[in-house]
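Take a look at the structure set out below.
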Amino acid sequence: MRIGALLLSVLFLFGCAQQPFQPAPDRLFADALFKPPSEPANAGEIFALSPAMRDYLDGEIAEQIRAHGPRRGLFEALRGGLRLEYDATMTRNAAQAFEARAGNCLSLVIMTAAFARQLGIPVHYQSVFGQDTWSRGEELMVLSGHINIGLGASGRDRQRDGEQSVMTVDFLPPEELRGQYRQEVPEATVLAMYMNNRAAESLAQGQIDQAYWWARAAIGTAPDYQSAYNTLGVIYVKHGEPAQAERALHHALERMPGDAEALSNLVGLLEEQGRVAEAAAHRAKLARLDAEPPYHYFDLGLAALQRKDYREARRLFRKELARMPYAHEIHFALAMTHLRLGESRLASQELRLALDSSTTPGSRDLYAAKLDHLRELQLN
């Protein structure tokens with residue numbers, strides 16, 4: 001999920017029947033343990049148009065629609081007029097993404113959907129498989145998926161060119177999406193994704209009470225959205241509520257026994273409580289599911305760097321990048337390793353890849369500065 005221009009492709013979607021899910025049991029929640037939310041988890045605000053968005057709808061979008069029709073007109077107005085950038089600093093609602101002219105893939109999908117709904121264009125949300133990426137901070141490791149949006153043919157589009165397929169608007173380069181499998185997801189799941197993202201972001205900022213209310217809202221909005229149960233379990237761990245955390249994680253594993261993230265968190269929780277035998281049994285199962293977890297080779301590479309075994313570090317970082325090609329911090333570590341080995345040209349290439357795969361303005365600025373500095377050294 002890098003910076004990229006909007007791309008346009010056309011595909012046909014086939015609906016599939018979905019089994020209804022039961023609401024989450026009340027025993028998973030413990031509202032009394034948390035302070036009231038400072039920011040209510042209001043689903044109605046996620047797609048709401050701001051006055052500035054309405055002005056843009058009446059101006060630039062209306063002009064493009066007169067020239068190209070509703071669907072293509074919306075696409076051209078987003079691509080040419082907004083100059084959108086990818087930014088994973090936070091998950092923005094539609095109005096925030098429009099104001100910032102930036103967002104992660106979910107934020108930009110939500111903004112596009114908000115305009116499309118106002119124009120009467122049918123919307124299809126599509127989860128893209130094979131584009132999952134990992135990131136980690138000081139205490140949290142986060143798995144991010146990818147989502148795009150399909151615009152169905154409205155009456156005016158069909159009148160113009162007979163087009164009845166779904167036009168996919170994505171924020172990744174075309175070559176990264178060829179051959180990828182897409183599955184349509186309901187809007188309730190998209191809302192839950194947004195809320196779960198906000199929960200994870202609040203948790204990363206130490207706002208545990210706010211994180212709880214976002215995660216609770218995600219589960220209430222889409223009880224079938226698996227990730228929210230794991231997030232809820234982590235929130236309970238951070239809040240010092242091991243019994244509630246275990247209850248949430250066990251529930252996640254009852255729903256999906258192969259959920260490696262929930263199982264890993266359960267192992268850590270049991271080990272912290274000294275329940276060695278139980279933890280060992282679950283760890284053995286986890287090893288069968290995920291023998292080499294994310295950042296496994298990266299951590300081994302960092303250890304090799306510390307003991308100044310630069311060739312081994314280079315090998316390990318490359319091995320991790322084969323699994324996680326868009327992890328900017330691994331590209332950066334490999335760049336620094338190349339420098340230690342006197343391979344300045346390769347270091348420049350990896351710094352460029354770190355820059356291209358970075359997901360926040362801060363990390364992009366950091367890598368750009370280091371790349372400029374390395375170029376100056378090479379020139380001198």
For the range 278-327, what are the residues that are of a type in the set (D, E) and part of a helix (DSSP H, G or I)? E278, D299, E312, E320
The residue that is nearest to A48 (Cα to Cα), considering only those in the range 64-99 that are outside any loop (DSSP other than H, G, I, E, B) and within 18 Å of the chain's Cα centre (by Cα), is A94
If we scan the range 274-295, do we find a residue that is among the aromatic types (F, W, Y), under 29 Å from A199 (Cβ atoms) and in contact (Cβ under 8 Å) with a residue 40 or more places away in the chain? yes
Determine which member of the set A200, A228, A211 is of a type in the set (A, V, I, L, M), assigned to a helix (DSSP H, G or I), within 21 Å of V109 (Cα to Cα) and assigned by TED's automatic domain parsing to the domain that holds D170. A200
Filter the range 247-282 down to residues that are over 25 Å from the mean Cα position of the chain (by Cα) and not aliphatic (A, V, I, L, M) and give me whichever is surrounded by the most Cβ atoms within 10 Å (Cβ to Cβ). H282
Out of A217, A211, A248, which single residue is free of Cβ contacts under 8 Å to residues at least 40 places away in the same chain and under 19 Å from L33 (Cβ atoms)? A211
Considering (1) in contact with a helix residue (DSSP H, G or I) (Cβ under 6 Å, 6 or more places away or on another chain); (2) under 16 Å from F34 (Cα atoms); (3) of a type outside the set (A, V, I, L, M), say which one G240 fails and leave the rest. (1)
Is it true that some residue in the range 308-325 is small (G, A, S), within 30 Å of L84 (Cα to Cα), surrounded by fewer than 16 Cβ atoms within 10 Å (Cβ to Cβ) and touching a Leu at 6+ places or on another chain (Cβ under 9 Å)? no
Among the residues of the range 225-232, is any under 18 Å from T91 (Cβ atoms) and at pLDDT 95 or above? yes
In the range 345-369, which residue that is in contact with an Asp or Glu (Cβ under 8 Å, 6 or more places away or on another chain) and not in a loop (DSSP other than H, G, I, E, B) is modelled with the highest pLDDT? A354
Checked the range 233-257 for anything among the aliphatic types (A, V, I, L, M) and more than 22 Å from R283 (Cβ to Cβ); matches are I235
Failed condition for Q183, given (1) assigned to a helix (DSSP H, G or I); (2) within 21 Å of I110 (Cα to Cα): (1)
Can you list residue pairs whose Cβ atoms sit under 6 Å apart, with the first residue in the range 49-77 being within 20 Å of S107 (Cα to Cα) and the second being of a type in the set (G, A, S) and at pLDDT 95 or above? Count only pairs 6 or more apart in sequence or on different chains. L49/A114; S50/A95
Check G220, G240, G233 and return the single one that is of a type outside the set (K, R) and not in a helix (DSSP H, G or I). G240
Of the candidates A322, A304, A333, A327, the one satisfying the condition of being without any contact (Cβ under 8 Å) to a residue 40 or more places away in the chain and in contact with an Asp or Glu (Cβ under 8 Å, 6 or more places away or on another chain) is A304
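The values are calculated or read from the model by the stated rules, or taken from the named source; none is laboratory data. Only a predicted model underlies this, so the values are computations on that prediction, with no experimental measurement involved. Backbone-built Cβ (ideal geometry, glycine too); neighbour counts: all protein chains shown.
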